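Since every read-out is calculated from the coordinates, none of them should be taken as a lab result. The structure presented is a predicted model; accordingly, all values stated were derived computationally and were not measured. All Cβ positions, even for glycine, are placed from backbone atoms using ideal geometry, and neighbour counts span all protein chains on display.
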Amino acid sequence: MNTAQIVKELERAAALISDAAAEQLSSAVQGANNIFVAGAGRSGLMMKAFAMRLMHLGFRVHVVGETVTPGIAKDDLLIVGTGSGETRSLIGMVEKAKLLHATVAAVTIHPQSSIGSRSDFVIELPGAPKDQSSGTDLTVQPMGSLFEQTLLLFLDAVILQLMATQEKSSGTMYGNHANLE
């Protein structure tokens with residue numbers, strides 16, 4: 001079954017991620033005044049899911065591009081999720097954040113990419129490029145699915161780390177859950 005194949009790919013990918021990566025991002029989140037998240041396409045959706053969980057934990061978090069997102073400043077953190085590290089709109093965001101002395105973290109397949117090389121720190125995740133026409137990539141999934149799923153799992157691991165550090169549980173987080181549904 002295809003679902004079992006996907007789970008095996010995710011298990012292999014998760015085994016390649018160091019615990020130190022989650023600790024590094026967790027520490028940066030805790031030290032930031034405001035946290036901004038950005039990504040494009042499906043990676044952007046994973047970043048929005050992460051922003052929601054950060055909000056549930058009580059952090060001041062914003063999704064870049066939303067109408068109510070304030071400006072970024074010194075002592076703020078921008079976290080960019082990008083498989084390629086070359087998305088033009090995201091490069092512009094990273095450059096602007098750096099200009100304003102914010103800290104930038106990239107979560108990407110390609111640490112040496114344009115976004116990775118401009119970031120204060122990079123977390124490398126396994127995945128396959130969107131263009132798999134070369135046939136050399138080890139995934140049964142289309143396009144960037146493996147990266148996007150690994151991104152979500154990694155960010156959920158960061159949430160677990162933050163929950164432990166802050167001594168919070170799902171029950172305490174529920175107090176920040178949307179109630180106008």
State whether the residues of segment 86-102 include one that is in contact with an Asp or Glu (Cβ under 7 Å, 6 or more places away or on another chain) and either crowded, with 16+ Cβ neighbours inside 10 Å or touching a residue at least 24 places away in the same chain (Cβ under 8 Å) (or both). yes
Taking segment 69-79 and keeping residues among the hydrophobic types (A, V, I, L, M, F, W, C) and either free of Cβ contacts under 8 Å to residues at least 40 places away in the same chain or closer than 26 Å to THR172 by Cβ (or both) leaves ILE72, LEU77, ILE79
